[in-house]
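Here the structure comes first, spelled out in structure tokens, and everything after it is commentary.
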Amino acid sequence: IVDNGGGVIVGGAASITGTSFLSNTAGGDGGGAFVVNVASITRTLFLNNMADSDGGALYLYGDHTTPAWVVNSLFASNRTLNNQGDALYVFGARSASSVVLLHNTIANPTLEDGAAIRVRFGTVAITNTLIASHTIAIERVGGTVSEDYSLFDNVTTPFSGTVTAGTHSITGT
């Protein structure tokens, strides 16, 4: 068990494509990966990762003005002990920090009692994403969050905090 980044910790620009983060554990943040600054994460699998603190699968710490991208990735059976971003935790250190989540799947086989995505700071745009079996799909504690064209299945509360929701999302199976 490591403090942050159970699978990997990246301190600069990261381009992660076609990678699998399987059954990693972090004593702090980012069970699968802890990424600082700009990231491009594409076609990546985060499966069965766990963090004691934030970001069961992925912790994105943005201190940048170029958007970080997470595209066509699968987050399955990830969790945190404190229920803060079981799949993804976004901490944009600058107000201009932004993250784009596009065409992702976040799911668990049973209802997970935390938020799938937790945004602390920064700007996050979520599009065409499936979120299944989480008590809260998207939790905004700070920053700005927008969402559209998503599917929420077996989600108790789609949004916690102010989330600008588009009109094209579906809640149901």
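The values are calculated or read from the model by the stated rules, or taken from the named source; none is laboratory data. Values in this document were obtained by computation on a predicted structure and should not be read as measured data. When we count neighbours, we look across all protein chains shown, and the Cβ atoms used for this are built from the backbone with ideal geometry, even at glycine. Surface accessibility is based on the protein's heavy atoms, side chains included, excluding ligands, DNA and RNA. Shrake-Rupley method; radii C 1.70, N 1.55, O 1.52, S 1.80 Å.
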Selection within the stretch 55-75 - in a loop (DSSP other than H, G, I, E, B) and at pLDDT 90 or above: GLY55, GLY56, ALA57, ASN72, SER73
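Restricting attention to the stretch 162-169, does a residue exist that is closer than 16 Å to SER77 by Cβ, over 12 Å from the mean Cα position of the chain (by Cα), open to solvent by 10 Å² or more (accessible area, probe 1.4 Å) and modelled with pLDDT of 95 or more?
Initial filter on the stretch 162-169 (closer than 16 Å to SER77 by Cβ): none.
No; the residues of the stretch 162-169 include none that is closer than 16 Å to SER77 by Cβ, over 12 Å from the mean Cα position of the chain (by Cα), open to solvent by 10 Å² or more (accessible area, probe 1.4 Å) and modelled with pLDDT of 95 or more.
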Test: residue in the stretch 27-46 that is of a type in the set (Phe, Trp, Tyr), open to solvent by 50 Å² or more (accessible area, probe 1.4 Å) and at pLDDT 90 or above: no
Subset of the stretch 76-98 (residues that are of a type in the set (A, V, I, L, M, F, W, C), open to solvent by less than 10 Å² (accessible area, probe 1.4 Å) and assigned to a strand (DSSP E or B)): LEU88, VAL90
Selected residue [of a type in the set (Gly, Ala, Ser) and under 20 Å from ILE126 (Cβ atoms)] from ALA51, ALA26, ALA13, ALA57: ALA57
First in the stretch 159-173 and in contact (Cβ under 8 Å) with a residue 12 or more places away in the chain, second anywhere and open to solvent by 90 Å² or more (accessible area, probe 1.4 Å), Cβ under 8 Å, 6 or more apart: GLY166/TYR149; HIS168/TYR149; SER169/TYR149
Strands (runs of 3 or more DSSP E) enclosed by the stretch 111-158 - at least 3 residues per element that are crowded, with 22+ Cβ neighbours inside 10 Å: 130-140
Near pairs, Cβ below 8 angstrom, 6+ apart or cross-chain, from the stretch 15-39 (within 19 Å of VAL71 (Cβ to Cβ)) to any residue that is among the charged types (D, E, K, R) and open to solvent by 50 Å² or more (accessible area, probe 1.4 Å): THR17/ARG43; GLY18/ARG43; ASN37/ASP63
